[in-house]
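Since the structure comes first, as structure tokens, the remarks are kept for the end.
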Amino acid sequence: MTTGTFAGYLRRLGITGPHTPSVEGLFALQRAHLERVPYENVEIHLGRPPGIDPELSAGRFGAGRGGYCFHLNGGFAALLDSLGYDVTRHVGGVYEDPEVREINGNHLALTVRVDGEAYLVDVGLGDGPHEPLPLREGSYEQGGFLYRLEPLDGADQGWTYHNTGGPFPVMNFRSAPATMADFADEHLRLSTAPDSPFIRTLALLRRDAAGIDILRGRVLSRIDPDKGPVERELGGPEELFDAMAGVFGRELDDLTPADRAELWTKVDRAHEAWLASRQG
């Protein structure tokens with residue numbers, strides 16, 4: 001990673017000064033990333049999906065963009081490598097069915113070993129933990145959200161992460177190390193196939209200590225374990241772009257007036273189709 005990319009990325013995270021690998025430092029980096037770099041598919045939705053080269057992703061983060069798991073965890077792993085952390089990339093898969101035990105390769109998971117302990121580190125789930133989870137079997141509560149880890153066919157084979165309150169309650173990943181090349185074909189499918197959820201629905205997510213902000217199409221939601229979910233329908237393009245910038249911290253300077261018009265048209269059409277399907 002170049003010095004300039006590294007510096008811009010850290011500025012986006014609000015991290016200044018020298019950094020020595022530590023448990024406290026790792027936790028602070030994950031919290032900052034989740035709060036400041038959104039899970040988002042804006043460019044994919046506009047038909048110009050960015051590649052998943054980690055240095056490209058890191059540069060995009062420094063410029064105010066986000067991404068999905070291959071971008072977010074790929075760039076974050078490169079940053080952690082640069083800071084001296086012991087990072088391993090893993091092939092994973094997220095599922096709506098909580099009983100699934102397979103791994104389809106649609107997720108990049110990370111583990112980090114620091115101060116003699118291994119952690120599941122993930123800034124690419126959108127609605128995942130605010131802080132790393134110890135990589136050992138057990139249940140973990142963070143701010144009212146409950147997560148669980150258990151071995152998948154033995155800890156030497158892989159792990160299963162459970163988030164019972166999320167739309168994808170299971171993420172399985174292999175223990176074996178992976179490289180970014182292992183995700184190239186799946187990234188191509190997810191970012192270009194007509195049936196991909198990233199093509200069909202605009203989505204932005206942001207996690208903080210108290211809850212999760214979610215934008216799906218024209219519906220903006222806030223998930224708070226203490227207060228319950230609150231959602232509202234965005235009334236027009238101005239509200240959409242205000243939410244993207246104000247709630248999710250996604251810079252909009254890469255979007256031309258034509259981009260904005262196209263994005264709103266796609267979002268509005270998808271929303272109307274969704275409403276019609278509910279009425280049917």
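Observations on the model:
- Only one of the numbered conditions (1) surrounded by fewer than 24 Cβ atoms within 10 Å (Cβ to Cβ); (2) outside any loop (DSSP other than H, G, I, E, B) is violated by N73, and that is (1).
Here's the yes/no breakdown for (1) in contact (Cβ under 8 Å) with a residue 60 or more places away in the chain; (2) under 15 Å from the mean Cα position of the chain (by Cα):
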site: A7; (1), (2): no, no
site: G17; (1), (2): no, no
site: V23; (1), (2): yes, no
site: L29; (1), (2): no, yes
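- Failed item in (1) surrounded by 13 or more Cβ atoms within 10 Å (Cβ to Cβ); (2) at pLDDT 95 or above; (3) closer than 15 Å to D208 by Cα; (4) out of contact with any Gly (no Cβ under 7 Å at 6 or more places or on another chain), with D122 passing the rest: (4)
- Residue that is surrounded by the fewest Cβ atoms within 10 Å (Cβ to Cβ) [pool: residues in the range 143-196 that are part of a strand (DSSP E or B) and among the charged types (D, E, K, R)]: E150
- The residue of the range 61-120 that is farthest from the chain's Cα centre (by Cα), among those that are acidic (D, E) and more than 30 Å from G246 (Cα to Cα), is D115.
- Taking first residues from the range 32-53 that are farther than 19 Å from D259 by Cα and without any contact (Cβ under 8 Å) to a residue 60 or more places away in the chain and partners that are hydrophobic (A, V, I, L, M, F, W, C) and outside any loop (DSSP other than H, G, I, E, B), the Cβ contacts under 7 Å between residues at least 6 apart in sequence or on separate chains come to A32/L13.
- Restricting W274, W264 to residues that are over 25 Å from G128 (Cα atoms), of a type in the set (F, W, Y) and touching a helix residue (DSSP H, G or I) at 6+ places or on another chain (Cβ under 9 Å) narrows the list to W264.
- Number of the condition not met by G93 [criteria: (1) within 17 Å of R174 (Cβ to Cβ); (2) out of contact with any Ser or Thr (no Cβ under 9 Å at 6 or more places or on another chain); (3) free of Cβ contacts under 8 Å to residues at least 40 places away in the same chain; (4) of a type in the set (G, A, S)]: (3)
- Residues that are surrounded by 17 or more Cβ atoms within 10 Å (Cβ to Cβ), of a type outside the set (A, V, I, L, M, F, W, C) and not in a loop (DSSP other than H, G, I, E, B), drawn from the range 36-68: R36, Y39, E40, E43, H45, P54, S57, G59, R60, G62, G67
- V114 under 20 Å from E131 (Cβ atoms), touching a strand residue (DSSP E or B) at 6+ places or on another chain (Cβ under 9 Å) and at pLDDT 95 or above: yes
The values are calculated or read from the model by the stated rules, or taken from the named source; none is laboratory data. These figures come from a predicted structure and were not determined experimentally. Virtual Cβ from ideal backbone geometry, glycine too; neighbours counted across all protein chains shown.
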